[in-house]
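Data block below; observations after.
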Amino acid sequence: MIKPKRLLSLLLRFIAFGTTLAAVILMATSHEKGTFFAVSYEAKYTDTPAFKYFVIAYAIVTVYGFLVLFLPPGSPIWRLVLALDLVFIMLLISSISAAMAIAQVGKNGNPRAAWLPVCGQVAKFCNQVTGALVAGFIALITYIILLLYSIYNLLNPLFEKA
Amino acid sequence: MALQNEDKLEVGYSSLQPKPKKWVLLMLRLLAFFATAAATVVMGLNKETKTLVVATVGTTPIKATLTAKFQHTPAFVFFVIANGLASIHNLVMIMGDLFGQKLDYKGLRLAMIAILDMMTVALISGGASAAAFMAELGKNGNSHARWNSICDKYKTFCDHGGGALIASFAGLILMLIISVMSIIKLLIKPKPDSTTVVP
């Protein structure tokens, strides 16, 4: 039968894969068109390089998460997976940090730079982007828990020695 | 005779496994400390004041003084805090390496150093990335959201910010190398010292 350690690791990886996929889909399908008096405006995720970076980074991690789900236990590739987990966590942190910085300016504006907030006009777009960021955040936390769990499993012999 | 054999075995064993030399790690930490400290200081002191004439009443021009400070942007505040914490971390690690070799907690010293290094890498990468995208927004503006670029008005502010960003990215790469080296130190088998009983 599946060992509980393996089951927990598999469950965490599945949650991580699901949330990264949700983040990518939510951000990529965020799209709003409308008219404001006579001015027609359109908001897409491609307007900002930060959101494009977010989609690309999370898409890469989604594919990686999908591939790791099918890795058989006991394979020597798991050490590489540990290293790749760290690298991809860094990528996720960087992309979500950038997306949040730009989203914060979009929501609150920056009066000193004469940048008006845009969330008033494109509320649906803003809500979807917020949803994508929340999903991305949950994915990030899941990956961090996974990394700590893998390190703990790796170092367990060391703990017992001490 | 048996002792000599054991010593030879020990020497042969340790020469098979390459250990990162101590001074390489220390030099890297010093460089990373300087990079992150420079980024913190340059962005922390980033300020530019501009006086503009907004209107002319009769013959006296009315001047308005506008400042660009790093505190106006939360991304830059996060950048300063992240790099500050990273330089404190590096300083503590350097001090621990130089003066506190015997400090240990249940044999978890190397594990704690590795985990703290990873956390610092994560922190710096978040701060540098957010600040980089905000700087790109300030430099190019965003036509879709009707946000004008500010770098043509506040050139020194933008230049200093860019310099701080470059220093932070250099610190990030150095911290990444340091983190990898710490993890390698954690995973190689420790050399048995004279206090352990050899069965």
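State whether one or more residues within region B:137-156 are closer than 30 Å to A:S40 by Cβ, in a helix (DSSP H, G or I), within 7 Å of chain A (Cβ to nearest Cβ) and under 18 Å from the mean Cα position of the chain (by Cα). The answer is no; no qualifying residue exists.
There is no residue in region A:44-51 that is under 18 Å from B:A132 (Cβ atoms), open to solvent by 60 Å² or more (accessible area, probe 1.4 Å), among the hydrophobic types (A, V, I, L, M, F, W, C) and in a helix (DSSP H, G or I). Scanning region A:1-43 for residues that are surrounded by 11 or more Cβ atoms within 10 Å (Cβ to Cβ) and farther than 24 Å from A:L140 by Cα gives A:H31, A:E32, A:K33, A:G34, A:Y41, A:E42, A:A43. Tallying residues that are more than 10 Å from chain A (Cβ to nearest Cβ), charged (D, E, K, R) and without any contact (Cβ under 8 Å) to a residue 60 or more places away in the chain within region B:89-108 yields 1. Every condition in (1) farther than 21 Å from A:I144 by Cα; (2) free of Cβ contacts under 8 Å to residues at least 24 places away in the same chain is met by B:F76 except one, and the failing one is (2). Contact annotation: residue pairs with Cβ atoms under 6 Å, 6 or more positions apart or on different chains, pairing a residue in region B:173-199 that is in a loop (DSSP other than H, G, I, E, B) with a partner that is modelled with pLDDT under 50, are B:I188/B:Q17; B:K191/B:S14.
With respect to B:A86, determine if the residue is within 19 Å of A:A101 (Cβ to Cβ), aliphatic (A, V, I, L, M), surrounded by 20 or more Cβ atoms within 10 Å (Cβ to Cβ) and more than 9 Å from every other protein chain (Cβ to nearest Cβ). Yes; evaluated as a whole, the condition is true for this residue. Farther than 19 Å from A:A132 by Cβ and in a helix (DSSP H, G or I), is that true of A:L12? Yes; evaluated as a whole, the condition is true for this residue. Can you tell me which residues in region A:72-93 are of a type outside the set (A, V, I, L, M), open to solvent by less than 80 Å² (accessible area, probe 1.4 Å) and either farther than 26 Å from A:I2 by Cβ or within 23 Å of the chain's Cα centre (by Cα) (or both)? Passing the criteria: A:W78, A:D85, A:F88. Do we have A:N108 as out of contact with any Asp or Glu (no Cβ under 8 Å at 6 or more places or on another chain), closer than 20 Å to B:A131 by Cα and open to solvent by 70 Å² or more (accessible area, probe 1.4 Å) here? Yes: the conditions hold for A:N108. Kindly evaluate A:V81 against the criterion of being of a type in the set (V, I, T) and within 7 Å of another protein chain (Cβ to nearest Cβ). No; evaluated as a whole, the condition is false for this residue. Return yes or no: is A:F88 part of a helix (DSSP H, G or I) and more than 14 Å from chain B (Cβ to nearest Cβ)? When the stated conditions are applied, A:F88 does not pass them.
Checking the structure you have, find out if any residue of region A:23-32 is under 30 Å from A:L154 (Cβ atoms) and not small (G, A, S). The answer is yes, given that some residue of region A:23-32 is under 30 Å from A:L154 (Cβ atoms) and not small (G, A, S). Of the residues examined, A:S9 is not one that is out of contact with any Lys or Arg (no Cβ under 9 Å at 6 or more places or on another chain), under 26 Å from B:A132 (Cβ atoms) and among the small types (G, A, S). Restricting A:V63, A:V55 to residues that are open to solvent by less than 70 Å² (accessible area, probe 1.4 Å), out of contact with any Asp or Glu (no Cβ under 6 Å at 6 or more places or on another chain) and not hydroxyl-bearing (S, T, Y) narrows the list to A:V55. Given the structure, is A:L155 open to solvent by 30 Å² or more (accessible area, probe 1.4 Å), under 23 Å from A:P4 (Cα atoms) and either part of a helix (DSSP H, G or I) or in contact with a Lys or Arg (Cβ under 8 Å, 6 or more places away or on another chain) (or both)? The answer is no for A:L155. Going residue by residue through region A:103-117, is there one that turns out to be of a type outside the set (K, R), more than 8 Å from chain B (Cβ to nearest Cβ), out of contact with any strand residue (DSSP E or B) (no Cβ under 7 Å at 6 or more places or on another chain) and in contact (Cβ under 8 Å) with a residue 24 or more places away in the chain? Checked region A:103-117: at least one residue is of a type outside the set (K, R), more than 8 Å from chain B (Cβ to nearest Cβ), out of contact with any strand residue (DSSP E or B) (no Cβ under 7 Å at 6 or more places or on another chain) and in contact (Cβ under 8 Å) with a residue 24 or more places away in the chain.
The values are calculated or read from the model by the stated rules, or taken from the named source; none is laboratory data. Predicted model, so just to flag it, every value in this text is computed and none were measured. Glycine gets a Cβ as well: all are built from the backbone with ideal geometry, and neighbour counts include every protein chain shown. Side chains are part of the model used for accessible areas, which takes the heavy atoms of the whole protein and leaves out ligands, DNA and RNA. Shrake-Rupley method; radii C 1.70, N 1.55, O 1.52, S 1.80 Å.
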